[in-house]
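**Q** Mind looking over this structure? Questions follow.
The values are calculated or read from the model by the stated rules, or taken from the named source; none is laboratory data. All of these numbers come straight from a predicted model, not from anything done at the bench. Positions of Cβ are generated from backbone atoms using ideal geometry, with glycine treated the same way; all protein chains shown enter the neighbour counts.
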């Protein structure tokens, strides 16, 4: 059974032993993981350049660049959890691997079930280390401030220009507050913006159209003051 939240996670298995790659790939795939395999460091680098990988399972003893050298590189280039496999079972080998950046060290021979358990633990720890995404919800709409995405009530992405997204971000994070035009302009474009106040009116008009909310139904015009997002905004779905 898959761990909750693991579905779709990508595991890269790097081992020069074809049988080990096949067994681990089969076991992990059956449990819902996407599995990539490489027989050496060069193949691994090509796969990492083309794919988002969540966990790397890496053999220590390989032809060419060995696993310890690879671990050192991975530790300095990103934050991918690393599980190392090795027939070397000396204490100093385990300590060195962990000091170089490995999260887990398993001695060969080890079962596919044991590797799976460590993959699950690595993914769980990785999830705990990640800061929560800044997600806001209002009237069925969802705005992801980290990904700069707006999703409609049907879950479809709505394309916004950078200016439109910046304006919406300000309105959402300061909802039910009247925001003056110059305040909106500064917050959305910076204090050195040379844009004129009329640009705010244009952006608001475009936002209303894309939000299917004409007039004051969602973004209210406050006469001689500015604009206000009148919807209830939460950081969890209603």
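**Q** Any idea how many residues of the range 27-53 are touching a strand residue (DSSP E or B) at 6+ places or on another chain (Cβ under 9 Å) and without any contact (Cβ under 8 Å) to a residue 40 or more places away in the chain?
**A** Counting residues in the range 27-53 that are touching a strand residue (DSSP E or B) at 6+ places or on another chain (Cβ under 9 Å) and without any contact (Cβ under 8 Å) to a residue 40 or more places away in the chain gives 15.
**Q** Within the range 22-40, track down each residue that is in a helix (DSSP H, G or I) and surrounded by 20 or more Cβ atoms within 10 Å (Cβ to Cβ).
**A** Once the filter is applied, which keeps residues that are in a helix (DSSP H, G or I) and surrounded by 20 or more Cβ atoms within 10 Å (Cβ to Cβ), the range 22-40 yields 24, 28.
**Q** Can you go through 115, 53, 35 and tell me which one is under 30 Å from residue 235 (Cα atoms) and under 27 Å from the mean Cα position of the chain (by Cα)?
**A** Matching residue, one of 115, 53, 35: 53.
**Q** On the given criteria, is residue 177 under 22 Å from the mean Cα position of the chain (by Cα) and assigned by TED's automatic domain parsing to the domain that holds residue 216?
**A** Against the criterion (under 22 Å from the mean Cα position of the chain (by Cα) and assigned by TED's automatic domain parsing to the domain that holds residue 216), residue 177 does not qualify.
**Q** So which of 85, 100, 68 ends up being in contact with a helix residue (DSSP H, G or I) (Cβ under 8 Å, 6 or more places away or on another chain), closer than 22 Å to residue 48 by Cα and in contact (Cβ under 8 Å) with a residue 60 or more places away in the chain?
**A** Matching residue, one of 85, 100, 68: 85.
**Q** Tell me, which residue of the range 114-138 that is in contact with a strand residue (DSSP E or B) (Cβ under 9 Å, 6 or more places away or on another chain) and farther than 30 Å from residue 208 by Cβ is surrounded by the most Cβ atoms within 10 Å (Cβ to Cβ)?
**A** Only one residue fits best here, namely 119.
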